[in-house]
Amino acid sequence: MEIVKTIDLCKSYGTGNTKVEALKNINLSICQGEFVAVVGASGSGKSTLLHLLGGVDKPSSGKVFVNGVDVYSLSEKELAIFRRRNVGIIFQFYNLVPVLTAEENMLLPLLLDSNKIDKDRFQELINILGLDDRRNHLPNELSGGQQQRVSIGRALAYNPSIVLADEPTGNLDSKNSKEIVDLLKISVKKYNQTLIIITHDLNIASQADRIISIEDGMIVKDEDYMSRGEEQ
Amino acid sequence: MKNRRSMANYKQITYRYLKGQRNRTLLTILGIILSVAMVSAIGTIIASTREALVKDAIRQNGSYHAGFTNISSETLEKIVNHVEVKESGASLYRGYGIVREATEEEKEMYGRNFSHRYLNIVSFEEKALDMLPYKIKEGRFPNTSDEIAIEYWMANYFENKVNLGDTIKLAIGQSILDDKGHEVKFDERGEKEYTVVGFTNPGYVWKGELITTGITGIDEEYFSEVGASIENKTISEEKTISKGKNGDYSVYIQLHNIKNANDKINAIANDVGLDSGNIKYNNQVLRLSAESLNDTFNSTIIALLLFFIVLIVVSTVAVIYNSFNISVLERVSQFGLLRSVGATPSQIIGIVLKEAFILSVIAIPIGLFSGVLAMKIVFYIISLLKFEAGFIRDMEISISLPVFLFSAAIGLITVFLSAIGPARKAGKVSPLEAVRNTGSLKKESFHKIKKSLFTFLIRKVLGVEGEIAFKNLRRNRKRFIITVFSMVISITLFITFASFSDFMFKANIIDNSNKGDYAIMMKDPEVTDKIYDEIRGVNDVKRVYKIRQMNGEMLIDDNKISKKIKEMAPNAFSTKKDNFVVVHNSNFMIIGDENFEVLKDSLITGSGNKEDLDKENGILVVNNTYVNNEKTNQYSLIEGYHLKQGDEIMFLPYDNEHSAEDENKKYNKLKVMGVLEKGVLNRGYNPDGSVIMITTEKVFNEISGLSHEENEKNNNDDDGNNGGKSDSSTSVNRTRIYTELYIEMEENYDDKDIKAYFEEKMRF
């Protein structure tokens with residue numbers, strides 16, 4: 001089932017001579033449950049693509065559909081609620097709220113919705129992430145890997161349909177990196193979520209179902225390893 | 001240790017932010033406290049002043065709103081039962097009771113010819129006494145019509161000195177007066193025995209007063225009995241003194257609601273068929289308790305206070321806005337993060353506004369009470385100074401609910417105004433900020449600084465450090481402007497408050513200390529002159545002013561009257577006489593010849609030489625005057641006249657004995673020998689848009705006719721029948737001229753000698 005779809009997606013910064021085209025006519029379709037890795041050099045436009053898919057940035061032209069919803073036709077408020085309920089974002093620098101504990105950071109999207117918290121599900125999540133004994137710690141009392149796990153927890157807490165990760169392991173050592181990717185893989189499989197991950201790490205990319213290579217704002221290669229594997 | 005309470009709602013993030021930024025939070029709270037404290041201090045002082053004025057007015061005039069006098073018992077009953085009336089207390093006039101015969105000296109002092117010292121005996125209901133300003137000095141108020149309370153100093157005037165518990169027997173009746181108020185005869189109607197149960201303390205004691213109040217009680221059954229019967233009139237004619245006749249009743253009332261009191265009182269009078277002659281309004285109290293702020297304080301002070309409040313609000317906004325703005329800028333990436341995980345713009349605005357609200361909730365109550373506390377301290381300090389004005393002396397700084405609500409509202413508005421801008425800014429933060437900034441680094445718009453002569457000069461004068469500092473300041477223009485603005489505002493605040501307090505000091509303290517430490521008011525010129533001479537010799541007396549004043553009309557050239565005063569009060573100068581303009585209400589006065597030296601400081605032109613004035617019928621004039629603007633009804637001090645040294649003025653004192661069109665009235669020619677900036681004591685300026693003329697005792701006595709009378713008196717003493725021959729048409733009835741002595745004491749004076757002098761001379 002198709003969950004993410006873009007039509008002629010363009011994004012440019014600046015005007016006139018200083019105009020930079022970050023994305024050029026991206027047409028992309030991603031199915032539910034897929035694990036997609038986006039690779040490319042710095043400045044190739046892969047982060048921009050991710051932000052546009054997550055409803056964080058605004059495209060210059062073109063459309064993004066998530067779950068059949070035309071994301072950029074929504075109002076500012078609807079868009080915020082859409083992000084809250086449908087998209088989980090994981091940043092390279094974790095971006096936790098420093099004044100909130102690990103648990104509160106993870107629950108933030110639910111709190112914003114004033115939703116009742118499903119305690120069992122949350123406990124399960126916190127166990128998977130291995131943060132049970134760290135739940136009442138503030139971010140500055142946690143290690144990098146722990147902080148990133150909190151941010152994964154936050155991304156997954158609302159059980160979003162797509163999870164976007166922007167170089168989630170870029171700041172971590174290889175041991176922590178492996179753990180994080182394993183966690184991501186386990187959780188998206190468990191909750192049948194779609195995972196789109198930006199990475200420089202070929203090890204991570206190689207674990208994906210599909211690798212999209214971007215260069216100068218265009219998709220230059222779109223390899224579907226699942227189907228290739230089937231072919232082989 | 002790590003037992004943090006978990007959040008139930010996203011808004012609690014606010015608390016965490018506040019805790020996280022403790023210093024900024026404290027600064028903001030302090031800002032709010034200061035502003036609320038200032039507003040509540042101003043409000044408290046206004047409320048307390050009003051309260052003190054009302055209290056003072058009630059103490060002097062009683063708490064009743066209106067009295068209906070000389071009414072019948074039926075009318076009394078109607079008034080008591082009227083819907084508008086909340087409280088009422090009745091009184092019944094019983095007649096005059098003879099204390100003893102008046103001496104010739106006393107009669108002359110009183111000014112009206114009465115054969116006896118009388119007690120004006122009135123029965124009061126307890127409720128009436130509560131509403132009237134009578135005060136008990138010793139004993140109690142009477143309960144029955146057999147008991148009486150008299151003014152304490154009257155006790156000495158009875159044949160035998162009266163003590164509490166004594167029984168006095170009084171001849172009671174009516175004093176029949178002629179149309180000038182002199183007694184023709186005393187119509188005795190009976191005798192009555194009273195037990196003296198109390199001594200009252202009157203507002204002032206003047207031993208020349210021949211008629212003082214005797215308060216008696218009312219017997220309970222008495223009113224109902226009389227209330228039903230009309231024949232009382234005939235009974236009272238039959239020399240029955242125990243029952244009142246119609247028209248001898250009075251009733252004092254309080255209304256349910258003091259709003260529009262005058263209309264309601266008139267309506268009551270109308271309903272019971274009384275005309276305005278029967279109504280006695282307690283004007284002071286009515287005016288003070290019902291009027292709006294605008295009437296108590298003149299519009300200038302109101303405008304000034306409003307200006308202060310605006311200033312306070314603006315400066316607080318500047319400070320708190322800065323604090324919020326910085327805190328929002330610091331947290332741009334965090335707000336971006338919240339946005340990226342799904343917070344709507346209004347949720348972000350809510351977080352910032354809630355921060356502001358929490359700060360307000362903490363700071364406003366503290367501010368309210370510190371304002372009151374500050375005022376208490378200020379008034380404690382003022383109480384250490386010598387303060388004359390009565391209402392300031394018994395001013396109590398009290399907590400006033402309206403003031404608190406008003407200040408709290410002002411505080412909330414201030415904080416809201418400061419926070420709404422930064423909150424909106426936070427709401428507009430794009431979710432992308434979460435990725436764009438990785439934490440602490442905040443983005444601001446920077447301007448490139450062009451090289452100019454100015455930057456060159458900065459570098460030359462302040463060196464490289466100065467240049468970098470300057471560039472830093474210039475880089476963010478908005479913040480630079482805000483910083484400069486805060487500084488300007490705080491300097492303005494300081495200057496305004498400093499000059500305001502300076503103004504208050506000048507306006508109040510100095511003015512009040514100018515009334516001297518003791519004041520005596522007397523009628524007999526010779527006696528006053530004697531006392532004046534004597535008091536100046538008493539130990540620790542620094543200066544005695546002898547103020548004797550006549551008011552009158554003067555004739556001056558039209559061009560001596562300033563354009564401004566003619567604009568403000570055109571009707572005042574409409575009468576003309578022989579090409580001169582008639583100016584009313586001019587004050588012609590002496591200050592005591594020994595005091596001319598104090599005028600030197602305020603002399604603008606001319607000389608204050610006493611001998612010159614004596615020689616040429618000379619006067620010193622004050623051209624500045626208070627004028628009431630006929631259009632705006634505003635009272636202001638202006639230069640009203642252009643009188644100069646050498647000008648001549650025609651002056652005619654007012655005189656009741658002669659009618660205005662009397663052919664005999666003769667103007668006195670006076671010569672201006674000098675111009676003063678202001679007069680002395682509390683008579684600095686003429687209060688009625690006219691001129692003050694200060695002269696010597698010799699000139700004054702001649703103009704007023706006092707010296708003629710003295711001569712006459714001497715002549716009479718010489719050969720016994722030379723009276724009435726005087727042709728002095730300007731002679732003023734001497735009983736109309738009062739003399740006031742204002743006694744100024746040395747600093748840290750000992751009041752023993754002066755008090756002894758008073759005791760001896762005045763027999764208080």
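The values are calculated or read from the model by the stated rules, or taken from the named source; none is laboratory data. Since this is a predicted model, take the numbers as computed values, not measurements. Quick reminder, even Gly has a Cβ in these numbers, built from the backbone with ideal geometry, and neighbours come from all protein chains shown. Just so you know, the surface numbers come from the protein's heavy atoms only, side chains and all, with ligands and any DNA or RNA stripped out. Shrake-Rupley method; radii C 1.70, N 1.55, O 1.52, S 1.80 Å.
Remarks
- Flag if A:Asn115 is under 18 Å from the mean Cα position of the chain (by Cα) and not charged (D, E, K, R): no
- Scanning the stretch B:702-710 for any residue that is open to solvent by 60 Å² or more (accessible area, probe 1.4 Å), more than 27 Å from B:Asn571 (Cα to Cα), modelled with pLDDT of 80 or more and assigned to a helix (DSSP H, G or I) turns up at least one such residue.
- Top-ranked residue in the stretch B:312-370 [being small (Gly, Ala, Ser) and away from every other protein chain (no Cβ under 14 Å); ranked as surrounded by the most Cβ atoms within 10 Å (Cβ to Cβ)]: B:Gly367
- Selection of the stretch A:54-80 for residues being open to solvent by 20 Å² or more (accessible area, probe 1.4 Å), of a type outside the set (Asp, Glu), free of Cβ contacts under 8 Å to residues at least 12 places away in the same chain and within 11 Å of another protein chain (Cβ to nearest Cβ) yields A:Ser75, A:Lys77.
- Looking across the stretch A:100-110 at every residue that is open to solvent by less than 10 Å² (accessible area, probe 1.4 Å) and at the interface with another protein chain (Cβ under 7 Å from one of its Cβ atoms), the one that is nearest to A:Tyr158 (Cα to Cα) is identified as A:Pro109.
- Residue check, A:Glu124 within 14 Å of another protein chain (Cβ to nearest Cβ) and without any contact (Cβ under 8 Å) to a residue 40 or more places away in the chain: no
- Scanning the stretch A:65-100 for residues being in a helix (DSSP H, G or I), of a type in the set (Gly, Ala, Ser) and under 16 Å from B:Pro345 (Cβ atoms) gives a total of 1.
- Count of residues meeting criterion [at pLDDT 80 or above and closer than 18 Å to B:Val538 by Cα] in the stretch B:727-748: 7
- Residues that are surrounded by fewer than 20 Cβ atoms within 10 Å (Cβ to Cβ) and part of a helix (DSSP H, G or I) within the stretch A:111-139 comprise A:Lys119, A:Asp120, A:Arg121, A:Phe122, A:Gln123, A:Glu124, A:Asn127, A:Ile128, A:Asp132, A:Asp133, A:Pro139, listed in sequence order.
- Residue identified as modelled with pLDDT of 80 or more, within 14 Å of another protein chain (Cβ to nearest Cβ) and either part of a helix (DSSP H, G or I) or open to solvent by less than 70 Å² (accessible area, probe 1.4 Å) (or both) among B:Thr14, B:Thr44, B:Thr25: B:Thr25
- Among the conditions (1) small (Gly, Ala, Ser); (2) modelled with pLDDT of 80 or more; (3) closer than 17 Å to B:Gly67 by Cα, the only one that B:Ser323 does not satisfy is (3).
- Among the conditions (1) more than 19 Å from B:Tyr204 (Cβ to Cβ); (2) within 35 Å of the chain's Cα centre (by Cα), B:Ile150 misses just one, which is (1).
- Matching residues in the stretch A:81-99 - criterion: being at the interface with chain B (Cβ under 7 Å from one of its Cβ atoms), without any contact (Cβ under 8 Å) to a residue 40 or more places away in the chain and surrounded by fewer than 24 Cβ atoms within 10 Å (Cβ to Cβ): A:Ile81, A:Val99
- Among the residues of the stretch A:43-53, the ones that are open to solvent by 30 Å² or more (accessible area, probe 1.4 Å) and more than 14 Å from every other protein chain (Cβ to nearest Cβ) come to 1 in all.
- Taking the criterion of being open to solvent by 30 Å² or more (accessible area, probe 1.4 Å), in contact (Cβ under 8 Å) with a residue 40 or more places away in the chain and under 16 Å from the mean Cα position of the chain (by Cα), the residues of the stretch A:19-42 that qualify are A:Cys31, A:Gln32, A:Gly33.
- Single residue of B:Lys542, B:Lys564, B:Lys600, B:Lys530 found to be touching a strand residue (DSSP E or B) at 6+ places or on another chain (Cβ under 8 Å), part of a helix (DSSP H, G or I) and open to solvent by 60 Å² or more (accessible area, probe 1.4 Å): B:Lys564
- Any hit, the stretch B:275-294, residues being open to solvent by less than 30 Å² (accessible area, probe 1.4 Å), within 14 Å of chain A (Cβ to nearest Cβ), modelled with pLDDT of 85 or more and touching a Gly at 6+ places or on another chain (Cβ under 9 Å): no
- Positions within the stretch A:140-158 being open to solvent by less than 20 Å² (accessible area, probe 1.4 Å) and within 13 Å of chain B (Cβ to nearest Cβ), in sequence order: A:Leu142, A:Val150, A:Ser151, A:Ile152, A:Gly153, A:Arg154, A:Ala155, A:Leu156, A:Ala157
- Whichever residue in the stretch B:184-204 is within 38 Å of the chain's Cα centre (by Cα) and more than 23 Å from B:Asp166 (Cα to Cα) and, among such residues, is least open to solvent (accessible area, probe 1.4 Å): B:Gly203
- Candidate set from the stretch B:166-183 (those that are among the charged types (D, E, K, R) and part of a strand (DSSP E or B)); member that is most open to solvent (accessible area, probe 1.4 Å): B:Lys169
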